[in-house]
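Contents: one structure, followed by commentary.
The values are calculated or read from the model by the stated rules, or taken from the named source; none is laboratory data. What you see is a predicted model; the values in this text were computed from it and never measured. When we count neighbours, we look across all protein chains shown, and the Cβ atoms used for this are built from the backbone with ideal geometry, even at glycine. For accessibility, only protein heavy atoms count, side chains too; no ligands or nucleic acids. Shrake-Rupley method; radii C 1.70, N 1.55, O 1.52, S 1.80 Å.
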Amino acid sequence: MLRDGTVFEDEHLPREIVGRNSQMNEVTDALAPVEQGARAENCFLFGPSGAGKTTVARAAVRELRREVLDVPTAYVNCWTDYTRRSVLERAANALVDAAVPKNAATRDLIDTLQTGLDGPSVVVLDEVDQLQEPNTLYDLHSVPGLAWICIANREVDLLARLDERVHSRVSVGYRVQFDRYTVETVTEILDRRAAQGLEAGTVERDTLQRIAERVDGDARQAITALRVAARKSEREGLSAIPPRLVEDAVFDAEAEVRRKTISKLNDHQRVLYECIEDEGPLIQKELYERYEQAHADPITLRALRKSHLPKLEHYNLIETERDARGKRYRLASRDG
(Lines give C-alpha, C1' and ligand atoms only; values in the text may rest on other atoms or scores of the structure.)
Protein backbone atom coordinates (compact mmCIF):
# COMPACT_ATOMS: atom_id res chain seq x y z
CA MET A 1 0.00 0.00 0.00
CA LEU A 2 2.83 2.42 0.90
CA ARG A 3 4.78 3.05 -2.29
CA ASP A 4 7.08 5.83 -1.07
CA GLY A 5 7.23 6.49 2.68
CA THR A 6 9.46 9.56 2.28
CA VAL A 7 6.44 11.48 0.93
CA PHE A 8 5.00 11.47 4.47
CA GLU A 9 8.14 12.68 6.26
CA ASP A 10 8.50 16.23 7.59
CA GLU A 11 11.52 16.83 5.36
CA HIS A 12 9.62 16.09 2.14
CA LEU A 13 9.25 19.19 -0.05
CA PRO A 14 6.38 18.83 -2.54
CA ARG A 15 6.74 20.03 -6.12
CA GLU A 16 3.75 22.35 -5.75
CA ILE A 17 2.71 24.22 -2.61
CA VAL A 18 -1.03 23.97 -1.95
CA GLY A 19 -3.07 26.81 -0.50
CA ARG A 20 -0.20 29.20 0.14
CA ASN A 21 0.07 31.23 -3.08
CA SER A 22 -0.05 34.64 -1.39
CA GLN A 23 2.55 33.64 1.23
CA MET A 24 4.82 32.18 -1.46
CA ASN A 25 4.54 35.40 -3.46
CA GLU A 26 5.50 37.50 -0.44
CA VAL A 27 8.55 35.40 0.39
CA THR A 28 9.74 35.22 -3.22
CA ASP A 29 9.28 39.01 -3.45
CA ALA A 30 11.53 39.38 -0.40
CA LEU A 31 14.18 37.20 -2.05
CA ALA A 32 13.89 38.77 -5.51
CA PRO A 33 16.73 41.35 -5.10
CA VAL A 34 19.20 38.44 -5.10
CA GLU A 35 18.49 37.94 -8.81
CA GLN A 36 20.03 41.41 -9.40
CA GLY A 37 22.99 40.68 -7.15
CA ALA A 38 21.57 42.65 -4.21
CA ARG A 39 20.84 41.65 -0.64
CA ALA A 40 17.40 40.11 -0.10
CA GLU A 41 14.90 41.60 2.31
CA ASN A 42 14.68 39.94 5.71
CA CYS A 43 11.47 37.97 6.05
CA PHE A 44 9.50 36.84 9.13
CA LEU A 45 6.97 33.99 8.88
CA PHE A 46 4.46 33.75 11.74
CA GLY A 47 1.62 31.30 12.34
CA PRO A 48 0.52 28.11 14.10
CA SER A 49 2.21 24.74 13.88
CA GLY A 50 1.45 22.70 10.78
CA ALA A 51 0.41 25.75 8.74
CA GLY A 52 3.10 25.40 6.07
CA LYS A 53 5.65 28.01 7.21
CA THR A 54 8.71 25.80 6.82
CA THR A 55 7.44 24.33 3.56
CA VAL A 56 6.94 27.79 2.06
CA ALA A 57 10.38 28.96 3.22
CA ARG A 58 12.12 25.94 1.73
CA ALA A 59 10.10 26.15 -1.48
CA ALA A 60 10.94 29.85 -1.89
CA VAL A 61 14.65 29.11 -1.45
CA ARG A 62 14.32 26.30 -3.99
CA GLU A 63 12.79 28.75 -6.48
CA LEU A 64 15.58 31.24 -5.81
CA ARG A 65 18.26 28.62 -6.46
CA ARG A 66 16.62 27.81 -9.79
CA GLU A 67 17.12 31.46 -10.79
CA VAL A 68 20.51 31.98 -9.13
CA LEU A 69 22.29 28.64 -9.10
CA ASP A 70 25.26 29.65 -6.98
CA VAL A 71 23.52 31.66 -4.24
CA PRO A 72 24.72 30.35 -0.84
CA THR A 73 21.83 29.19 1.36
CA ALA A 74 21.59 27.55 4.77
CA TYR A 75 18.90 26.03 6.97
CA VAL A 76 19.20 26.14 10.77
CA ASN A 77 16.65 24.56 13.10
CA CYS A 78 16.98 26.72 16.19
CA TRP A 79 15.18 24.18 18.33
CA THR A 80 18.21 21.91 17.83
CA ASP A 81 20.85 24.60 17.34
CA TYR A 82 19.66 27.18 19.82
CA THR A 83 22.91 28.68 21.11
CA ARG A 84 24.58 31.65 19.49
CA ARG A 85 27.66 29.62 18.67
CA SER A 86 25.83 26.65 17.15
CA VAL A 87 23.75 28.92 14.88
CA LEU A 88 26.83 30.76 13.65
CA GLU A 89 28.74 27.52 13.16
CA ARG A 90 25.89 25.93 11.20
CA ALA A 91 25.57 29.05 9.03
CA ALA A 92 29.32 29.29 8.42
CA ASN A 93 29.59 25.62 7.48
CA ALA A 94 26.73 25.89 4.97
CA LEU A 95 27.40 29.33 3.48
CA VAL A 96 31.16 29.68 3.27
CA ASP A 97 33.24 27.49 1.02
CA ALA A 98 36.06 27.18 3.52
CA ALA A 99 37.04 24.93 6.39
CA VAL A 100 35.54 26.14 9.66
CA PRO A 101 37.71 25.08 12.63
CA LYS A 102 35.90 22.90 15.12
CA ASN A 103 35.12 24.77 18.32
CA ALA A 104 35.97 28.11 16.73
CA ALA A 105 35.16 31.17 18.84
CA THR A 106 31.97 33.05 17.98
CA ARG A 107 33.98 36.11 16.94
CA ASP A 108 35.95 33.92 14.52
CA LEU A 109 32.74 32.48 13.10
CA ILE A 110 31.35 35.98 12.50
CA ASP A 111 34.66 36.98 10.84
CA THR A 112 34.48 33.84 8.67
CA LEU A 113 31.01 34.82 7.46
CA GLN A 114 31.91 38.47 6.94
CA THR A 115 35.06 37.73 4.94
CA GLY A 116 33.90 34.57 3.21
CA LEU A 117 30.69 35.88 1.64
CA ASP A 118 31.16 38.21 -1.32
CA GLY A 119 27.56 38.37 -2.53
CA PRO A 120 23.95 37.82 -1.52
CA SER A 121 23.12 34.79 0.63
CA VAL A 122 20.11 33.51 2.59
CA VAL A 123 19.72 31.61 5.85
CA VAL A 124 16.44 30.05 7.01
CA LEU A 125 16.11 30.16 10.80
CA ASP A 126 13.35 27.73 11.75
CA GLU A 127 11.82 27.89 15.25
CA VAL A 128 13.80 31.11 15.67
CA ASP A 129 11.94 31.98 18.88
CA GLN A 130 13.89 29.11 20.47
CA LEU A 131 17.17 31.03 20.26
CA GLN A 132 18.87 31.15 23.63
CA GLU A 133 20.27 34.56 22.67
CA PRO A 134 17.90 36.32 20.26
CA ASN A 135 20.55 38.98 19.71
CA THR A 136 22.28 36.37 17.54
CA LEU A 137 20.18 37.98 14.81
CA TYR A 138 22.35 41.06 15.17
CA ASP A 139 25.46 38.93 14.43
CA LEU A 140 23.86 37.69 11.23
CA HIS A 141 22.64 41.19 10.36
CA SER A 142 26.26 42.37 10.47
CA VAL A 143 27.24 40.03 7.62
CA PRO A 144 27.17 41.94 4.29
CA GLY A 145 24.69 40.47 1.82
CA LEU A 146 23.22 37.93 4.25
CA ALA A 147 19.43 37.95 4.64
CA TRP A 148 17.24 35.62 6.66
CA ILE A 149 13.86 33.96 6.66
CA CYS A 150 12.83 33.70 10.33
CA ILE A 151 10.07 31.23 11.24
CA ALA A 152 8.17 31.41 14.53
CA ASN A 153 4.69 30.95 15.96
CA ARG A 154 4.17 34.51 17.19
CA GLU A 155 5.99 37.75 16.54
CA VAL A 156 5.92 38.75 20.20
CA ASP A 157 7.78 35.57 21.23
CA LEU A 158 10.73 36.61 19.11
CA LEU A 159 10.96 40.38 18.87
CA ALA A 160 9.90 41.22 22.44
CA ARG A 161 13.05 39.49 23.69
CA LEU A 162 15.44 41.66 21.66
CA ASP A 163 17.43 44.53 23.15
CA GLU A 164 16.02 47.88 22.05
CA ARG A 165 19.02 48.82 19.89
CA VAL A 166 19.03 45.38 18.28
CA HIS A 167 15.26 45.43 17.74
CA SER A 168 15.41 48.63 15.72
CA ARG A 169 17.97 47.12 13.36
CA VAL A 170 16.76 43.57 12.82
CA SER A 171 12.97 43.91 13.03
CA VAL A 172 12.65 45.54 9.60
CA GLY A 173 11.43 43.12 6.97
CA TYR A 174 8.49 41.36 5.39
CA ARG A 175 5.88 39.99 7.83
CA VAL A 176 4.11 36.98 6.35
CA GLN A 177 1.15 35.63 8.33
CA PHE A 178 -0.11 32.04 8.13
CA ASP A 179 -3.57 31.05 9.29
CA ARG A 180 -4.63 27.48 9.89
CA TYR A 181 -5.40 25.51 6.76
CA THR A 182 -9.02 24.97 5.82
CA VAL A 183 -10.46 21.45 5.67
CA GLU A 184 -10.58 21.72 1.86
CA THR A 185 -6.89 22.64 1.64
CA VAL A 186 -5.77 19.88 4.01
CA THR A 187 -7.83 17.41 1.96
CA GLU A 188 -6.08 18.56 -1.22
CA ILE A 189 -2.66 18.26 0.44
CA LEU A 190 -3.51 14.71 1.51
CA ASP A 191 -4.81 13.85 -1.96
CA ARG A 192 -1.50 14.87 -3.51
CA ARG A 193 0.56 13.01 -0.91
CA ALA A 194 -1.57 9.92 -1.44
CA ALA A 195 -1.05 10.11 -5.21
CA GLN A 196 2.73 10.19 -4.69
CA GLY A 197 3.17 7.91 -1.72
CA LEU A 198 0.39 5.30 -1.91
CA GLU A 199 -0.65 2.74 -4.47
CA ALA A 200 -3.45 3.84 -6.80
CA GLY A 201 -6.94 3.29 -5.40
CA THR A 202 -5.70 2.99 -1.82
CA VAL A 203 -7.84 5.75 -0.31
CA GLU A 204 -11.07 7.55 -1.20
CA ARG A 205 -11.20 11.35 -1.11
CA ASP A 206 -14.04 11.17 1.43
CA THR A 207 -11.67 9.34 3.79
CA LEU A 208 -9.04 12.04 3.29
CA GLN A 209 -11.64 14.67 4.12
CA ARG A 210 -12.55 12.81 7.30
CA ILE A 211 -8.90 13.02 8.37
CA ALA A 212 -8.77 16.72 7.46
CA GLU A 213 -11.87 17.47 9.52
CA ARG A 214 -10.22 16.07 12.66
CA VAL A 215 -6.83 17.82 12.69
CA ASP A 216 -7.82 21.48 13.22
CA GLY A 217 -5.92 22.77 10.20
CA ASP A 218 -2.64 21.04 11.09
CA ALA A 219 -1.27 19.58 7.86
CA ARG A 220 1.63 17.87 9.62
CA GLN A 221 -0.71 15.87 11.82
CA ALA A 222 -2.97 15.09 8.86
CA ILE A 223 -0.08 13.74 6.77
CA THR A 224 1.11 11.65 9.71
CA ALA A 225 -2.43 10.32 10.20
CA LEU A 226 -2.62 9.24 6.56
CA ARG A 227 0.63 7.30 6.88
CA VAL A 228 -0.56 5.71 10.14
CA ALA A 229 -3.87 4.72 8.51
CA ALA A 230 -2.01 3.13 5.59
CA ARG A 231 0.17 1.13 7.97
CA LYS A 232 -2.83 -0.02 9.98
CA SER A 233 -4.57 -1.12 6.80
CA GLU A 234 -1.50 -3.05 5.66
CA ARG A 235 -1.31 -4.88 8.98
CA GLU A 236 -4.94 -5.93 8.53
CA GLY A 237 -4.18 -7.20 5.04
CA LEU A 238 -6.43 -4.62 3.38
CA SER A 239 -5.93 -3.15 -0.08
CA ALA A 240 -7.57 0.20 0.80
CA ILE A 241 -7.90 2.44 3.87
CA PRO A 242 -11.39 2.03 5.39
CA PRO A 243 -13.08 5.07 6.99
CA ARG A 244 -13.36 3.17 10.30
CA LEU A 245 -9.59 3.53 10.83
CA VAL A 246 -9.60 7.32 10.65
CA GLU A 247 -10.33 8.04 14.31
CA ASP A 248 -7.58 5.74 15.61
CA ALA A 249 -5.12 6.97 12.96
CA VAL A 250 -5.66 10.63 13.90
CA PHE A 251 -5.35 9.80 17.60
CA ASP A 252 -2.10 7.88 17.03
CA ALA A 253 -0.78 10.61 14.75
CA GLU A 254 -1.38 13.23 17.43
CA ALA A 255 0.51 11.06 19.91
CA GLU A 256 3.39 10.62 17.45
CA VAL A 257 3.64 14.36 16.75
CA ARG A 258 3.48 15.00 20.48
CA ARG A 259 6.36 12.56 21.15
CA LYS A 260 8.49 14.21 18.48
CA THR A 261 7.74 17.65 19.91
CA ILE A 262 8.58 16.58 23.46
CA SER A 263 11.87 15.09 22.26
CA LYS A 264 12.85 18.54 20.88
CA LEU A 265 12.08 20.57 24.01
CA ASN A 266 14.97 22.50 25.53
CA ASP A 267 15.88 21.81 29.14
CA HIS A 268 13.66 24.57 30.61
CA GLN A 269 10.64 23.46 28.58
CA ARG A 270 11.25 19.80 29.39
CA VAL A 271 11.35 20.47 33.14
CA LEU A 272 8.16 22.56 32.93
CA TYR A 273 6.39 19.84 30.97
CA GLU A 274 7.51 17.12 33.37
CA CYS A 275 6.39 19.15 36.40
CA ILE A 276 2.93 19.58 34.88
CA GLU A 277 2.84 15.94 33.78
CA ASP A 278 3.79 14.67 37.25
CA GLU A 279 1.93 17.10 39.51
CA GLY A 280 -0.48 19.15 37.39
CA PRO A 281 -2.77 20.95 37.21
CA LEU A 282 -0.61 23.63 38.83
CA ILE A 283 -1.18 27.33 39.32
CA GLN A 284 1.66 29.53 38.08
CA LYS A 285 3.26 29.99 41.52
CA GLU A 286 3.20 26.25 42.23
CA LEU A 287 4.60 25.45 38.79
CA TYR A 288 7.48 27.86 39.22
CA GLU A 289 8.31 26.43 42.66
CA ARG A 290 8.45 22.89 41.21
CA TYR A 291 10.52 24.13 38.27
CA GLU A 292 13.02 25.89 40.56
CA GLN A 293 13.47 22.70 42.55
CA ALA A 294 13.89 20.51 39.47
CA HIS A 295 16.12 22.67 37.25
CA ALA A 296 19.85 22.98 37.92
CA ASP A 297 19.99 26.55 36.59
CA PRO A 298 16.48 28.06 36.76
CA ILE A 299 15.57 31.30 35.03
CA THR A 300 13.00 33.86 36.16
CA LEU A 301 9.25 33.32 36.05
CA ARG A 302 8.99 36.30 33.74
CA ALA A 303 11.36 34.65 31.25
CA LEU A 304 9.37 31.41 31.41
CA ARG A 305 6.12 33.31 30.78
CA LYS A 306 7.55 35.20 27.81
CA SER A 307 9.21 32.31 25.99
CA HIS A 308 8.87 28.78 27.24
CA LEU A 309 5.31 28.40 28.50
CA PRO A 310 3.84 29.95 25.30
CA LYS A 311 5.86 27.47 23.24
CA LEU A 312 4.37 24.54 25.14
CA GLU A 313 0.90 25.98 24.51
CA HIS A 314 1.53 26.62 20.80
CA TYR A 315 2.47 22.99 20.31
CA ASN A 316 -0.61 21.81 22.19
CA LEU A 317 1.41 20.16 24.95
CA ILE A 318 -0.22 22.14 27.75
CA GLU A 319 -3.35 24.23 28.17
CA THR A 320 -4.36 26.90 30.64
CA GLU A 321 -7.45 27.97 32.52
CA ARG A 322 -8.17 30.66 35.06
CA ASP A 323 -9.85 30.25 38.42
CA ALA A 324 -9.98 32.20 41.67
CA ARG A 325 -6.33 31.40 42.37
CA GLY A 326 -5.09 32.58 38.97
CA LYS A 327 -3.74 30.88 35.87
CA ARG A 328 -3.59 27.10 36.04
CA TYR A 329 -1.56 24.80 33.75
CA ARG A 330 -2.45 21.23 32.80
CA LEU A 331 -1.48 18.79 30.09
CA ALA A 332 -3.44 19.38 26.91
CA SER A 333 -6.35 16.97 26.51
CA ARG A 334 -6.29 14.47 23.68
CA ASP A 335 -10.01 14.10 23.18
CA GLY A 336 -10.29 15.79 19.82
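Could you please tell me the mean projected area of the C-alpha convex hull for region 30-75, averaged over all directions and given in square nanometres to one decimal?
3.3 nm²
Can you run phi through the Karplus equation (6.51, -1.76, 1.60; θ = phi - 60°) for region 56-71 and list ³J(HN,Hα) in whole Hz, with x for Gly and Pro?
Once rounded to whole Hz, the list reads 5, 4, 5, 5, 5, 5, 4, 4, 4, 5, 6, 8, 10, 4, 9, 5.
Please compute the Cα-Cα pair-distance distribution of region 201-260 with 5 Å bins starting at 0, giving whole percents from short to long.
4, 22, 34, 24, 12, 4, 0
Rounded if a/c is under 1.5, else prolate if a/b beats b/c, else oblate: with a ≥ b ≥ c from the C-alpha gyration tensor eigenvalues square-rooted, which is region 62-101?
The shape class here is oblate.
Pulled fully out, how much extra length does the chain show between Asp323 and Glu256, if you take 0.36 nm times their separation in residues and subtract their Cα-Cα distance?
Extra length from Asp323 to Glu256 when fully extended: 21.0 nm.
Over 26 Å between Cα atoms: which of Lys232/Lys260; Lys53/Lys285; Lys260/Lys311 fall into that group?
With Cα atoms farther than 26 Å apart: Lys53/Lys285.
What is the Cα centroid distance between region 185-259 and region 129-172, reported in whole angstrom?
37 Å
Quick check: residue separation of Arg85 and Thr300 times 0.36 nm, minus the Cα distance between them. What number comes out in nm?
Value of the extension gain: 75.1 nm.
Determine the relative contact order of region 243-336: mean sequence separation of Cα pairs under 8 Å and six or more apart, normalised by residue count, in whole percent.
32 percent
Over 18 Å apart: what share of the alpha carbon pairs of region 60-197 falls there, rounded to a whole percent?
Result for the distance tail: 61 percent.
Would you mind working out the accessible area per residue for the chain, using a 1.4 Å probe, and quoting it in Å²?
Per-residue accessible area for the chain comes out at 48 Å².
Output needed: percent of Cα pairs per 10 Å distance bin for region 254-336, bins running from 0 to the one holding the longest distance.
The percentages, shortest bin first, are 18, 56, 24, 2.
Count charges around Glu234 for me, please; just the other residues with Cβ under 13 Å from its Cβ, Lys/Arg as +1, Asp/Glu as -1.
+3
Count the DSSP beta bridges whose two residues both fall in the chain, then state the antiparallel fraction as a percent rounded to the nearest 5.
35 percent
Quick one: if you stick a label point 7 Å off each Cα along the C-beta vector at Glu313 and Ala200, how many nm between them?
5.0 nm
According to a simple spin-label model (label point 7 Å from Cα along Cα-to-Cβ), what is the distance in nm between Glu234 and Asp216?
3.0 nm
What list of whole percents do you get for P(r) of the chain, with Cα-Cα distances grouped in 10 Å bins up to the one holding the largest distance?
Per 10 Å bin, starting at zero, the Cα-Cα P(r) for the chain comes out as 5, 23, 29, 25, 15, 3, 0 percent.
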